[in-house]
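Visitor: Got a structure here, written out as structure tokens. Questions coming.
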Amino acid sequence: MNNDKVQHPFALVLSNRHWITLATIILVAVAVPGLLHMGLKTDYRVFFSEDDPYLTNLDSLTDTYTSSDNIIFILAPKDKNVFSHSALQQQIEMTEEAWTLEYSTRTDSLINFQHAEADEDSLSMRYLVPEEAELTDSAIQDIRGIALGEDDLIGRLVDNQGSVAAVAVSYILPGESFWENINVAIAAREFADKYRAKYPDTDIYITGLMMANYTTLEILVDDNIVLVPLMFAVVIALLSFLFRSFYAALATVIVIFLSIIIGLGLSGWAGTYVSGPSSAAPIIILTIAVADCVHVLTSFYFLLSEGKSKSEAIIGSLEANVSPVLLTSITTAIGFLTLNFSNVPPFNVLGNMVAIGVGVACLASLTLLPVMMYWLPLGKNYQNDTLHLMAPFARHITQHPRRYFFSTALASLLVISFITENQLNDQFAKYFDKTREFRYSTEFANEHLSSIYDIGYSLKSPYEAGIFDVRYLNKLEEFSDWLGTQPEVVNVMSVNHTLKRLNKSMHADNEDWFKLPESNELSSQYFFLYEMSLPFGLSPNNQVSFDKTESKILITLKEQTTNQMLNLEKRFSQWLKDHAPEYEFYNASTMLMFSQLGVANAKSMMMGALGALALMSIITGIALRSWILSGISFVANMLPAALAFGVWGMLYGEVGLSIAIAISLTLGIVVDNTVHLLSKYKRAYKQSGDTNTAIEFAFSHVGIALLICNLVLVVGFVILAQSDFKLNGDLGYFTAITFVSALIIDFMALPPLLLAIYRKRSGNMVNPFKRLPH
């Protein structure tokens, strides 16, 4: 290398290539052990911070009553009769064996439903289907009659037609090992498979929160086994084709791989963890690293095609790209760091992971990549006419600015008008693809039996007699009766129904006595007899607190959207405030938590995105030393998200957690396009003073790089969209739409806008929207 190039500041990268390589090896050696410190969380609770008030309520509810961790086996005989001899025998066997499943604490089914029988002043409880009972036709008819007349069973453990039944198993995990939930879910599937083989005429579906946790882990593993390698293969293929060089693709892949390893490794040292949303970090880091490398490689090959030597081309590429790559990396990192505004911890983790990866990718593309370009056999007799295609395109745009500006503006207004078609909706079961067992099992359960949509209320008694006070029970009865009239309610389960059944049993099963006991003492005595008669494992603590000062009202609902769930909770709580102001209460449910989280997250992310956009525009203005270009950048960076929301409203119409965070996620990357174009434009405008020449220069030098980058980004996020985890799938499609929109705005609307502003500033009052001669 001759002396004048060694003295060039960017020649230091090449002259220190051995030190750069050594520093990279050391950094990898430091980062890799951090991967071993990275935890893995698949529990739905990971979506909530430890001090989240909704999670606190749920913990209070489960601590006071019973755990909400469960697995539900839905049995659907093909003859649609769960009371046939074969179906009952299957339920007997499954109920008995379910008790032996590891960590199980309670099993509920038709079989062990507690049916009360009284003998004068004594009360005994027996299984609805006693173990020693002979299942004769008349006995089965009696069982069917009792079951279909029990409000505590209908819509919970059997449907009102007697065609579908459930065996519900509750668990309490010690919390000592990551493998506990995994082992429980695997055992549940083996349990179901055993009975599918033994009773082939009964379909068995498996749902419940523990299966949801396990399904999240399955998808996380599948995505990283299938999608990440697929993305690497696509990058190699695309770059090899576009640059006509396998080695250019290889150098890029090495930068990508190191960016992912170092980014995740350093995150691991910080004590972070991987969950469903944060599992997307490798693919996102990959696409951003590609963008950095493509800009450096495109400039390198452009200079080679103009006759520069390899060293001259590398140095020239660095000189042209250091400022914009640094600037875009800063803005991209800011965009991802705004995910810390989210109320969802996994999105905080995702943002921080990717921000670190962005920094590593920036550093590697400006140091390690040039070193590899120097060492690898790149650029010999290189010719690629593709790199020069954008100059004629830019010339065409500047010749017809009015046509492109107004057509783009009108199309944008039309698309943006569909934003109002979007509705906020986060349904937890629909986080998973329809092909996943948990998803289709849950939908079957929602349609035919018990829904996972419920709300639990804990109502505290202000009276000395606790929950047995007549005034308390009457108010509870009034609330339960009102709930039963609501069209969204499937089932209401409370201690009142148990007390009415006991009162009826103590009066020779006379229907006239199916009402609450007439005194505090009778209620207390009946419940005491009931509690003492229950077999092991079926305590009433799923309905009443240990000290009998509060009780739980479990409201099972039809499938609800986010807004419907929130409106129901407001309606139910308002009734208690209006009709029972002296009673303390709180409510909780997993589905309610996700509904509340979706709304809170959308508000916080919107504020974060607006703040990030303002900060990025200021940084761009300072870097380009032009507040006019900063203003143009603001408009060009805001429109793609608006267009994406419009397209989403046209195609889907539902936005949830992932779409709410997508604005911040895409914002930093969208800024890349604008910054690269405007920085090249300003450089040429400063030299030539002519807007048309500057636009043509910008497009010829960076246009093809933007096309390649956005092509890789779109392909990368479309691949991410193939995830069976809906949050990642929606995120992938929405960001791909955003990048396509950004490219359209930057290529079709930005040049006419620059013509309008800079021609007027230079004193040339020619209307840029007037047709210009060819």
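The values are calculated or read from the model by the stated rules, or taken from the named source; none is laboratory data. All values derive from a computational prediction rather than experimental measurement. Virtual Cβ from ideal backbone geometry, glycine too; neighbours counted across all protein chains shown. Surface accessibility is based on the protein's heavy atoms, side chains included, excluding ligands, DNA and RNA. Shrake-Rupley method; radii C 1.70, N 1.55, O 1.52, S 1.80 Å.
Visitor: What pairs can you find where one residue is in segment 175-195 and free of Cβ contacts under 8 Å to residues at least 60 places away in the same chain, the other is in a helix (DSSP H, G or I) and among the aromatic types (Phe, Trp, Tyr), and their Cβ atoms are less than 7 Å apart, with a gap of 6+ or different chains?
Guide: If the second residue must be in a helix (DSSP H, G or I) and among the aromatic types (Phe, Trp, Tyr), the pairs left are ILE182/TYR214.
Visitor: Could you tell me which of the residues VAL740, VAL712 is open to solvent by 40 Å² or more (accessible area, probe 1.4 Å), part of a helix (DSSP H, G or I) and aliphatic (A, V, I, L, M)?
Guide: Among VAL740, VAL712, only VAL740 is open to solvent by 40 Å² or more (accessible area, probe 1.4 Å), part of a helix (DSSP H, G or I) and aliphatic (A, V, I, L, M).
Visitor: I'd like the full set of residues that are of a type outside the set (Asp, Glu), farther than 10 Å from ILE182 by Cα and either more than 17 Å from the chain's Cα centre (by Cα) or modelled with pLDDT of 85 or more (or both), limited to segment 210-227.
Guide: ALA212, THR216, ILE219, VAL221, ILE225, VAL226, LEU227
Visitor: For LYS434, all conditions in the list (1) without any contact (Cβ under 8 Å) to a residue 24 or more places away in the chain; (2) crowded, with 22+ Cβ neighbours inside 10 Å; (3) under 29 Å from ILE663 (Cβ atoms) hold save one; what is the number of the exception?
Guide: For LYS434, the failing item is (2).
Visitor: Just name the residue that is surrounded by the fewest Cβ atoms within 10 Å (Cβ to Cβ) out of those in segment 57-89 that are touching a strand residue (DSSP E or B) at 6+ places or on another chain (Cβ under 7 Å) and among the aromatic types (Phe, Trp, Tyr).
Guide: TYR65
Visitor: Check THR693 against each of (1) under 20 Å from MET650 (Cα atoms); (2) open to solvent by 40 Å² or more (accessible area, probe 1.4 Å); (3) of a type in the set (Val, Ile, Thr) and name the one condition it does not meet.
Guide: Only one criterion in (1) under 20 Å from MET650 (Cα atoms); (2) open to solvent by 40 Å² or more (accessible area, probe 1.4 Å); (3) of a type in the set (Val, Ile, Thr) is unmet by THR693, namely (1).
Visitor: Which pairs do you get when a residue that is small (Gly, Ala, Ser), found in segment 136-152, comes within reach of a residue that is modelled with pLDDT under 90, reach meaning Cβ atoms under 7 angstrom, with the pair 6+ apart or on two chains?
Guide: Close Cβ pairs satisfying both conditions: ALA139/ALA133; ALA147/LEU128; ALA147/LEU153.
Visitor: Just one of SER545, SER617, SER551 is polar (S, T, N, Q), over 26 Å from the mean Cα position of the chain (by Cα) and more than 17 Å from SER494 (Cα to Cα); which is it?
Guide: SER617
Residue by residue, here is whether (1) open to solvent by less than 30 Å² (accessible area, probe 1.4 Å); (2) within 28 Å of PRO130 (Cβ to Cβ); (3) part of a loop (DSSP other than H, G, I, E, B); (4) touching a strand residue (DSSP E or B) at 6+ places or on another chain (Cβ under 8 Å) holds:
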{"site": "LEU483", "(1), (2), (3), (4)": "yes, no, no, yes"}
{"site": "ASN491", "(1), (2), (3), (4)": "yes, yes, no, yes"}
{"site": "ALA508", "(1), (2), (3), (4)": "no, yes, yes, yes"}
{"site": "LYS515", "(1), (2), (3), (4)": "no, yes, yes, no"}
{"site": "SER523", "(1), (2), (3), (4)": "yes, yes, no, no"}
{"site": "TYR526", "(1), (2), (3), (4)": "yes, yes, no, yes"}
{"site": "TYR530", "(1), (2), (3), (4)": "yes, yes, no, yes"}
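Visitor: May I ask you to list the residues in segment 568-614 that are of a type in the set (A, V, I, L, M), in a helix (DSSP H, G or I) and either open to solvent by 80 Å² or more (accessible area, probe 1.4 Å) or in contact with a strand residue (DSSP E or B) (Cβ under 8 Å, 6 or more places away or on another chain) (or both)?
Guide: The answer is LEU568, LEU576, MET591, LEU592, VAL599, ALA602, MET606, MET607, LEU610.
Visitor: Which one is surrounded by the fewest Cβ atoms within 10 Å (Cβ to Cβ) among residues in segment 307-323 that are under 27 Å from VAL354 (Cα atoms) and in contact with a helix residue (DSSP H, G or I) (Cβ under 7 Å, 6 or more places away or on another chain)?
Guide: Checked segment 307-323; the qualifying residue surrounded by the fewest Cβ atoms within 10 Å (Cβ to Cβ) is SER323.
Visitor: Give the residue, chosen from LEU304, LEU378, LEU326, that is touching a helix residue (DSSP H, G or I) at 6+ places or on another chain (Cβ under 9 Å), part of a loop (DSSP other than H, G, I, E, B) and farther than 22 Å from ASN224 by Cβ.
Guide: Answer to the check: LEU378.
Visitor: Name every residue in segment 444-469 that is under 25 Å from the mean Cα position of the chain (by Cα), farther than 30 Å from LYS548 by Cβ and open to solvent by less than 60 Å² (accessible area, probe 1.4 Å), in order of residue number.
Guide: PHE444, ALA445, ASN446
Visitor: Please go through segment 725-735 and give me each residue that is open to solvent by less than 10 Å² (accessible area, probe 1.4 Å) and either among the aliphatic types (A, V, I, L, M) or under 16 Å from VAL712 (Cα atoms) (or both), ordered by number.
Guide: LEU727, LEU731, GLY732, PHE734, THR735
Visitor: Does segment 44-56 contain at least one residue that is open to solvent by 60 Å² or more (accessible area, probe 1.4 Å), in contact (Cβ under 8 Å) with a residue 60 or more places away in the chain and either touching a Gly at 6+ places or on another chain (Cβ under 8 Å) or closer than 30 Å to PHE257 by Cα (or both)?
Guide: Within segment 44-56 (the criterion being open to solvent by 60 Å² or more (accessible area, probe 1.4 Å), in contact (Cβ under 8 Å) with a residue 60 or more places away in the chain and either touching a Gly at 6+ places or on another chain (Cβ under 8 Å) or closer than 30 Å to PHE257 by Cα (or both)), the answer is no, since none of the residues qualifies.
Visitor: Within segment 400-422, which residues are closer than 14 Å to PRO751 by Cα and either among the aromatic types (Phe, Trp, Tyr) or open to solvent by less than 70 Å² (accessible area, probe 1.4 Å) (or both)?
Guide: HIS400, PRO401, TYR404, PHE405, PHE406, SER407, THR408, ALA409, listed by residue number.
Visitor: Same structure again: Under 9 Å between Cβ atoms, at least 6 apart or on separate chains: pull out the pairs that start in segment 448-460 with a residue that is under 11 Å from GLY155 (Cβ atoms) and end on any residue that is of a type in the set (Asp, Glu).
Guide: Listed pairs, sorted by first residue: HIS448/ASP159; LEU449/ASP159; SER450/ASP159; SER451/GLU559.
Visitor: Could you list, in sequence order, all residues of segment 1-43 that are basic (Lys, Arg) and either at pLDDT 90 or above or more than 28 Å from ILE256 (Cβ to Cβ) (or both)?
Guide: Of everything in segment 1-43, those that are basic (Lys, Arg) and either at pLDDT 90 or above or more than 28 Å from ILE256 (Cβ to Cβ) (or both) turn out to be LYS5, ARG17.
Visitor: From GLU93, GLU102, grab the single residue that is more than 34 Å from the chain's Cα centre (by Cα) and surrounded by fewer than 18 Cβ atoms within 10 Å (Cβ to Cβ).
Guide: On inspection, the qualifying residue turns out to be GLU93.
Visitor: Continuing with this model, one more query. Here are ILE206, ILE219: which of them is surrounded by 15 or more Cβ atoms within 10 Å (Cβ to Cβ) and not in a helix (DSSP H, G or I)?
Guide: ILE206
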